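Following: one structure in structure tokens, then a few remarks.
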Amino acid sequence: MFNKSVLNKHEIYTASCDMPIQNVLAMRAYAHPNKQLFLFLNDQGIECDQITFLELWQRTKYIAELISEQTEPGDRIILFYPQGLDFIASFFACLTSGRIAVPCNLPTRHRSDRCMNIIRDSRATAVLAPEDMIIRFFECFADSDIQNLKWIATNSSMRSNEKPSLYDAY
């Protein structure tokens, strides 16, 4: 499955053990901080965004700290994100902080009932969404109890300045 001759000991460990994915990310960010992890293509197949192990780890850490300040471990967090790297960072942040990510289709006035059902069924306590879209999403739920959730805005420039240590991977 893996060519062990080209993997270092940290990579072999993350590839062969039962390690939570957020710890694998920390280990890989430590071992290969500048290695490209994800490349995002637009509808025409043109590269439009990319992220390294370190950048994803830093974004994940920052968002995890943000949601940890406003929610409790085990809380369900609705993720309102279009496809892309911000969704990935927010999903990892939920895992890292011990919250349960509940991805949901982007709300519109026509789809708000469907989103409200998902939010109620999941018993979510907060919503995580891009800063430039959060007001529009909030307005989709006008006059509903959904507006009482904690609404947490993120943007792609949010990141921790820390570098991972091996301690972060265990």
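The values are calculated or read from the model by the stated rules, or taken from the named source; none is laboratory data. In this text the structure is predicted, and so the values were computed from the model without any measurement. With ideal geometry, Cβ positions are generated from the backbone for all residues, glycine too; neighbour counts draw on all protein chains shown. All accessible areas refer to the heavy atoms of the entire protein, side chains included, with ligands and DNA or RNA removed. Shrake-Rupley method; radii C 1.70, N 1.55, O 1.52, S 1.80 Å.
Can you tell me which residue is surrounded by the fewest Cβ atoms within 10 Å (Cβ to Cβ) among those in the range 42-80 that are out of contact with any Cys (no Cβ under 9 Å at 6 or more places or on another chain) and of a type in the set (Phe, Trp, Tyr)?
TYR62
Filter the range 102-131 down to the residues that are part of a helix (DSSP H, G or I), open to solvent by 30 Å² or more (accessible area, probe 1.4 Å) and in contact (Cβ under 8 Å) with a residue 40 or more places away in the chain and list them by number. Talk me through it step by step, then tell me what you get.
Of the range 102-131, the ones part of a helix (DSSP H, G or I) are 112-122.
From what's left, open to solvent by 30 Å² or more (accessible area, probe 1.4 Å): 113-114, 117-118, 120-121.
Correct list: ILE118 only.
Determine which member of the set ILE88, ILE146, ILE152 is under 30 Å from GLU47 (Cβ atoms) and either open to solvent by 70 Å² or more (accessible area, probe 1.4 Å) or assigned to a helix (DSSP H, G or I) (or both).
Details: ILE146 fails: under 30 Å from GLU47 (Cβ atoms); ILE152 fails: either open to solvent by 70 Å² or more (accessible area, probe 1.4 Å) or assigned to a helix (DSSP H, G or I) (or both).
The unique qualifying residue is ILE88.
Of a type in the set (A, V, I, L, M, F, W, C), open to solvent by less than 80 Å² (accessible area, probe 1.4 Å) and at pLDDT below 90: is that true of PHE141 in this structure? Before you say what the answer is, go through the steps one by one.
Details: of a type in the set (A, V, I, L, M, F, W, C): yes; open to solvent by less than 80 Å² (accessible area, probe 1.4 Å): yes; at pLDDT below 90: yes.
Considered against the rule, which asks whether it is of a type in the set (A, V, I, L, M, F, W, C), open to solvent by less than 80 Å² (accessible area, probe 1.4 Å) and at pLDDT below 90, PHE141 comes out as yes.
If ILE77 satisfies every condition in (1) at pLDDT 95 or above; (2) over 15 Å from the mean Cα position of the chain (by Cα) but one, which is the exception?
Of everything listed in (1) at pLDDT 95 or above; (2) over 15 Å from the mean Cα position of the chain (by Cα), ILE77 misses just condition (2).
Of all residues in the range 56-95, which are acidic (Asp, Glu) and touching a strand residue (DSSP E or B) at 6+ places or on another chain (Cβ under 8 Å)? Step through it out loud before you land on a result.
In the first step, residues of the range 56-95 are kept if they are acidic (Asp, Glu); the result is 65, 69, 72, 75, 86.
Within the range 56-95, ASP75, ASP86 meet the criteria.
Answer yes or no: is there a residue in the range 31-51 that is at pLDDT below 90, in a helix (DSSP H, G or I) and farther than 23 Å from PHE137 by Cα.
For the range 31-51, residues at pLDDT below 90, in a helix (DSSP H, G or I) and farther than 23 Å from PHE137 by Cα: present.
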